[in-house]
Amino acid sequence: MADTLDIQKVINTSTSSVSIDDLNKKGFKQVKVLNQAIITKLIGEAVDRVLSERSKEISKEERDKVIKEARTQFETLAKKRLEKERTRIDELERANNSLTTELETLRKRLSASVEVQATRDQAIAKMEALESEVSRFRREFPELESNLARQKAETQRLQSDLAHRSLEVEEVPALRGTLQEYEKRVSLLEGQIKAKNEEIERSRSGLADPATLERLLAKVTERVGNGSKIDASQIMLTLDGMSRRLSNIGSSGGGLSSDVDAELTKDFALNALFDKEKDGGIESNVTRVKVKENKAAGVKDALAKLKKLQQGVADGE
Amino acid sequence: MANSTEGSSVNMENQHGSTATKSGTRFESGRGLDVGTANLASSIQDADGNVTIKIQRNAFIDIDGDQYTRNMLTKLNVQYVSINGKMVVIGDPAFELANILNRETRRPMKGGVISPSENDAMPIEKILLENLLGTPNFPNEKCYFSVPADPIDADFNIVYHKGVFGGILKKLGFEPKPLLEGHAVVFSELAEDDFTGIGISCGGGMFNICVCYKSIPALSFSTARGGDWIDRNVATVLGIKASRATAIKEKGVSIVSPRNREEEAIEIYYRNLINYTLEAIKTRFESSNGMPAFPEPIEIVCAGGTSMIGGFIEVFKDEFQSIKFPLQVKSIRHAEDPLFSVAKGCLVAALSDA
């Protein structure tokens, strides 16, 4: 069938493909669609018309045969076309899916990129602060260097001074020897003075050591008891004197001489120390707050022993 | 022995010097007073022989105060004194406040005697003493108060100190009687040995030493280092306030087994102080002519707040072994009530003199 009409070719050459999106963009909301049956019908009518005009020339059988062949050819072409369109739709769907995935990936990348940008901004701020600090150090550096130089100079001066002092220290042993010699002389003189003082003290007041006094008392008592020829009245006077001295020491608490106690019998005014009281400017809550009281171990035994000892001394025991 | 009763409401003196009050509690006549650099302590004995000690830290601190503060302090049992509008908290709360505020307390006494830099503190000192002693139960009741012996390592005497405290006691109506601090320790702690031995009062400002034979002091002297010296040095090396160092020292440290840097510093200075004191005693004994020749080995008793740290006696014995002591010593021991020992000794002297 070399002269068979190629309807597919005719359609392809006489039509153009326009996507629905493009049509939509161009403002076409509705389009008229020629489906396969109508086209076939139109072709059939066209062929019938042509053939009816030529009917005089061809038989009815021949005409039906041509129509049948034409229909078969058209259906084959339409089927192929349909399959091709379906394949294309599948491809478009796959491409669409791929683009959706890619879009999601890009969105994620964009989000990450924003975070990176924030981190970068912070890093830049820190770097600027550090640069500022470095600049400050650079400005201060000359002064620090100058200080260091001064410190070095001072250290050198001190080292030099130390060396000078070391030389002086070397002279110390000689000076110490001289000093020791003087100390010996002073010590000797002090010893002589001390011996003289002791001699004077002994002759003035007798032996003050209580242990020695006791021994002396014992000896004197022993001598009197043995009927010695010592004057008894003189011994009694001596004993009375010793007893009075011991008694005085004991009754004054033993700690201080009567001369020292006498200081306290004077009524010191102490006006200057307590002048603030006179001004009447003192206020206190002391009397309203109770001081903590503690119970301590008794002193009765100690007191009894002390009194007994004092009584014994007073009695000349 | 004359009897008296505490309180001023109904004081009535009878022929024998005894008085009575509403409460009916009867007290023996005579008071003891420990005038310490760190603490002030008074002592009194009732007719049954019970001894009561009142103790107060000898310190104060300035604070800004208004009427509200005054009321609150009274409610909190905190004593204050306001002098010409300037307010100070006194006693133990002052010490606690100093630690909280990271400040130093002001101290009326320094190195065992009246501080030359705190003369304005004397009215406060008088109030503290008045609060501890109360009023005398009868005019001129005897009050024995402790005084330090002359120091061997510092150039000052106690004449002014003794005169001022004697004057304060007179103003309060007592008859003041000074008693050497070390001697008071002997009265309080060495009765069993016929008051023969060595009493050492380890105080905040000084260490006071007294060698006694049958209650009579043969040799008395002091060294101008005490608990404050430790506090100052520990504070310096640790970079803290002295009040803080005192608080660390008093919170239960043992100088035999220090547990941290602070306690190690305290141990070092304690050892140094004890060794320094023993060397001073030894030197003084060796150079003295008045030293009695004791027929028997004697006892050494340590008293005072500075001796109350854990391990004090062990370290004292340890350091004692390392020196050649010129006297035979049978034992070294702690006082029965180290913090109250001097006040009790003064009380013994007062009661024996009544």
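Across chain B, the mean sequence separation of Cα contacts (distance under 8 Å, 6 or more residues apart), normalised by length, yields a relative contact order of 18 percent. For A:Lys305, a cut-off of 18 angstrom between C-alpha atoms picks up these lysines, skipping any fewer than 8 places away in its own chain: B:Lys214, B:Lys344.
Surface listing: A:Arg49, A:Arg81 arranged by accessible area from highest to lowest gives A:Arg49, A:Arg81, probe 1.4 Å. Given a 1.4 Å probe and the protein chains as shown, B:Ile298 ends up with an accessible area of around 10 Å².
Sorting check: for A:300-311, B:101-112, A:11-22, which peptide has the highest mean count of neighbouring beta carbons within 10 Å, and how do the rest follow? Can you show the working numbers first?
Numbers: A:300-311: 17.6, B:101-112: 19.2, A:11-22: 9.5.
Going by the mean number of other Cβ atoms within 10 Å, highest first, we get B:101-112, A:300-311, A:11-22.
Annotation for the A:B interface, with buried accessible surface near 5500 Å², both sides summed [1.4 Å probe; non-protein components not counted].
The share of accessible area on the range A:7-112 that comes from carbon and sulfur is 54 percent, using a 1.4 angstrom probe. Helical content alone sets the calculated 222 nm signal of chain B at -10500 deg cm²/dmol, taking -39,500 (n - 2.57) per DSSP H segment of four or more residues and averaging over every residue. Only protein heavy atoms count here; on that basis, with a 1.4 Å probe, B:Ile61 has an accessible area of about 0 Å². For the range B:226-335, the list of trypsin sites (Lys or Arg not before Pro) that fall in a loop by DSSP and count at most 16 other C-beta atoms within 10 angstrom reads B:Lys251, B:Arg259, B:Lys324. Within 10 Å of the Cβ of each residue in A:300-312, the mean number of Cβ atoms contributed by other protein chains is 6. Each Lys and Arg contributes +1 and each Asp and Glu -1, all at the Cβ; summed about the Cα centre of chain B, the dipole is approximately 620 debye.
For the residue pairs A:Lys292/B:Lys75; B:Lys86/B:Lys162; B:Lys142/B:Lys162, the C-alpha atoms sit more than 18 angstrom apart in B:Lys86/B:Lys162.
Per-residue mean of other chain beta-carbon atoms within 10 angstrom of the beta-carbon, peptide B:342-352?
Whole-number average of other-chain Cβ neighbours for B:342-352 is 5.
For the range A:7-112, the tally of Lys pairs with Cα-Cα distances below 17 Å comes to 10, considering only residues 8 or more apart or on different chains. Shown are B:Asp92, B:Asp64, whose ranking by accessible area with a 1.4 Å probe and every protein chain present, most to least, is B:Asp64, B:Asp92.
The values are calculated or read from the model by the stated rules, or taken from the named source; none is laboratory data. Bear in mind the structure is a predicted one, so any value in this text is a computation, not a measurement. Methodologically, a virtual Cβ is constructed for each residue, glycine included, from the backbone with ideal geometry; neighbour enumeration extends over all protein chains shown. We work out accessible area using only protein heavy atoms, side chains counted, and drop any ligands, DNA or RNA first. Shrake-Rupley method; radii C 1.70, N 1.55, O 1.52, S 1.80 Å.
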